[in-house]
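We did not get these values from a lab; they are worked out from the coordinates using the rules stated. Keep in mind that what you see is a predicted model, and the values were worked out from it rather than measured. A quick note on method: Cβ atoms are made from the backbone with ideal geometry, for glycine too, and the neighbour counts reach across all protein chains shown.
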Amino acid sequence: MENTLLQISIPEGLDFSALKLARDSDGHVSFDWEPINTICAASNINPEVFTDTHEDNIGGFIVSWYRAHIANGGKPDPVAEDLILEAQLEDTHGGGFSLPPGRA
């Protein structure tokens with residue numbers, strides 16, 4: 001399968017915190033899809049790119065948005081920080097890492 005680069009525009013005034021990124025006691029991640037739908041509409045992207053494909057697509061997008069958010073002076077998000085650390089650990093040591101919420 002060929003990788004496709006998407007040009008994504010975050011509408012002005014839409015902050016990363018609008019995702020309401022959260023993690024339950026079992027480590028499952030949840031977020032509000034409405035900001036994703038808003039971004040897709042502003043970027044002329046079919047939301048199915050994120051909803052109907054491998055979870056790595058939405059995960060990669062969330063991490064990219066978070067990094068841009070931080071680079072622009074945004075407030076750190078503990079759940080996003082945990083997810084990034086887990087991905088780094090998996091890349092380094094193999095899969096299977098899932099930290100309890102707020103433990104990165």
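General observations
- Label-to-label distance for V49 and L89 is 3.1 nm, based on points extended 7 Å past Cα in the beta-carbon direction.
- Size descriptor, Kirkwood hydrodynamic radius, that averages inverse alpha-carbon separations across the range 50-90, Å: 10.9 Å
- Full extension of the chain segment joining S17 with N72 gains 18.4 nm, where the gain is 0.36 nm per residue of separation less the Cα-Cα distance.
- Cα-Cα separations in the range 17-80 greater than 19 Å, expressed as whole percent: 32 percent
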